[in-house]
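For reference, the structure is listed below as structure tokens.
The values are calculated or read from the model by the stated rules, or taken from the named source; none is laboratory data. All values derive from a computational prediction rather than experimental measurement. FYI the Cβ positions are ideal-geometry reconstructions off the backbone, even for glycines, and counts take in every protein chain you see.
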Amino acid sequence: MIATDDTKPQKRGNRSSRSRMALGSLIVADAIALFVTVLLVNPLQACMIFGTAVVVWRASGLYSRRFTLSLLDDVPALALGVVCGTALPALVGRGGSPMVAAVTLLAGVLVARSISYAEIRQSRRQSDDGFRTVLLGSGPAAITLTDRIIAHPETGLRLVGLLEETAPGEGGELHIPYLGSAKDLYRVVSQHQVDDLIVCDGELSSAELVEVLRACSRLAIEIHVVPPLLQMHRLVATTDQVWGVPLERVRRHSVTGLAWRFKRFMDVVLAGVALVVLFPVLALVSLAVRFELGPGVIFRQERVGLDGQRFALLKFRSMPHASPYDERPWSVSAEGFLGPVGRFIRRYSLDEMPQLFNVLTGDMSLVGPRPERPLFVEQFSSEVSGYGHRHRVPVGLTGLAAVEGLRGDTSVLDRAYFDNCYIENWSLWLDLKILVRTVVAVLRGTGG
């Protein structure tokens, strides 16, 4: 595993301010096009078309920060937004055909954006204060990319230096400062106020690169990857590039974005509603456990959550206090310690219901990697590749690995794979799918 420096990166506003200026320029350009359209044709139609078009344009990445701005590349997405925007005024059916407004708006946007793109490129050429960039890797692709970044300042990229496991010799083809190896990434980002990291071919293996990129997932930088077979890589409108060299942006989870804050809001709302609706079930299970096992209905066990923080996980007891089950090796079954009630509540996952309180307190989320005990976290982190990266997000009441059947005595490697797959591909829609699959699994009694 690649170790990284523990130095925390400083907060920086340079990239954000430059990005906001470019975004503001695009918004102004589109607003001017709308204003002209409103003056020339039906104002209501123009506003309805524009409102829908902006949604499509944003989804197509036309308001994102890009190094290469090409109006011709953007024409299909711009036209698609306007075409989609004609649907609403066509349904309303007032003020005649919306096609006149659509054509006028599209023409205005093309002219306004053409001017805006030219201004952004010119501003980048004339400014030394661009996007401070570090390369990771020193192979042939890195050499090609370095030459093209230097030759095309309109991209806004400004090379700060190189990270590689071995310092290149003097007189090499990469004429940029050597800043250290991959383990120095945190320090380099902080000291040099880095905005962008570009991963090229180098000495690190694919597995080591994954370790590095996951370890720096909290850094306030954008990460791009040069595809291995860049000469055969297909350039499309959604692919950024530097004079023909494609750059794939690494999609990373964000625990600070609006969508993630909404996830937390929905956790609180759904957990609160579930506790109210399921109160009779909670009461019945409590009575049944009390009757079978005696005092002490709730079982508390230390588990590991977000960023390795420990918390007390709550469950309904399903075994006697005297059971040696809690000291068992990880893969030993608990079946021999279960009575009828314990077996039933485990089968239908009713023993997990108290964890709704863990969700309310913020120790857990409804959906995330399932939490494990500290002893096994230490063991698996040293034995299983990628296991420690599960703790980049809050642990969950259910998760992708769980709904894929990875519960009980199943592969830890597979669990780590699906947990990290969930993190890399997280969305609110993915959470909803996992919750639906969890409800179906509970009703079928496939817990345990």
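Screening the range 403-448 for residues that are of a type in the set (Gly, Ala, Ser) and modelled with pLDDT under 90 and picking the one that is nearest to Arg303 (Cα to Cα) gives Gly408. Within the range 265-279, the residues that satisfy the criterion of being within 16 Å of Gln355 (Cα to Cα) and loosely packed, with under 12 Cβ neighbours inside 10 Å are Val269, Val273, Val276, Val277, Phe279. Within the range 371-383, not a single residue is surrounded by 23 or more Cβ atoms within 10 Å (Cβ to Cβ) and under 18 Å from the mean Cα position of the chain (by Cα). Leu213 meets the conditions (1) touching a residue at least 40 places away in the same chain (Cβ under 8 Å); (2) closer than 18 Å to Arg249 by Cβ in every case but one. The failed one is (1). Looking across the range 66-93 at every residue that is without any contact (Cβ under 8 Å) to a residue 60 or more places away in the chain and not hydrophobic (A, V, I, L, M, F, W, C), the one that is farthest from Ser114 (Cα to Cα) is identified as Gly93.
If you filter the range 111-126 down to residues that are more than 15 Å from Arg65 (Cβ to Cβ) and of a type in the set (Gly, Ala, Ser), you find that the one that is surrounded by the most Cβ atoms within 10 Å (Cβ to Cβ) is Ala112.
Residues checked against (1) part of a loop (DSSP other than H, G, I, E, B); (2) under 12 Å from Pro369 (Cβ atoms); (3) among the hydroxyl-bearing types (Ser, Thr, Tyr); (4) in contact with a Cys (Cβ under 9 Å, 6 or more places away or on another chain):
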position	(1), (2), (3), (4)
Gly408	yes, no, no, no
Ala416	no, yes, no, no
Ile423	no, yes, no, no
Trp426	yes, yes, no, no
Trp429	no, no, no, no
Leu432	no, no, no, no
Leu435	no, no, no, no
Ala441	no, no, no, no
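Only one residue in Thr68, Thr52, Thr104 is touching a strand residue (DSSP E or B) at 6+ places or on another chain (Cβ under 8 Å) and modelled with pLDDT of 90 or more, so which one is that? Don't jump to the end; show me each part of the working.
Numbers: Thr52 fails: touching a strand residue (DSSP E or B) at 6+ places or on another chain (Cβ under 8 Å); Thr104 fails: touching a strand residue (DSSP E or B) at 6+ places or on another chain (Cβ under 8 Å).
On inspection, the qualifying residue turns out to be Thr68.
Taking the range 231-249 as the range and being surrounded by fewer than 14 Cβ atoms within 10 Å (Cβ to Cβ) and modelled with pLDDT of 75 or more as the test, only Gly244 passes. Could you tell me whether the range 261-281 includes any residue that is in a helix (DSSP H, G or I), among the hydrophobic types (A, V, I, L, M, F, W, C), in contact with a Pro (Cβ under 9 Å, 6 or more places away or on another chain) and over 23 Å from Leu428 (Cβ atoms)? Scanning the range 261-281, I find no residue that is in a helix (DSSP H, G or I), among the hydrophobic types (A, V, I, L, M, F, W, C), in contact with a Pro (Cβ under 9 Å, 6 or more places away or on another chain) and over 23 Å from Leu428 (Cβ atoms), so the answer is no. Residue pairs whose Cβ atoms lie under 6 Å apart, sitting 6 or more positions apart in sequence or on different chains, and linking a residue in the range 376-405 that is without any contact (Cβ under 8 Å) to a residue 40 or more places away in the chain to a partner that is of a type in the set (Lys, Arg) and crowded, with 22+ Cβ neighbours inside 10 Å, are Ala401/Arg415.
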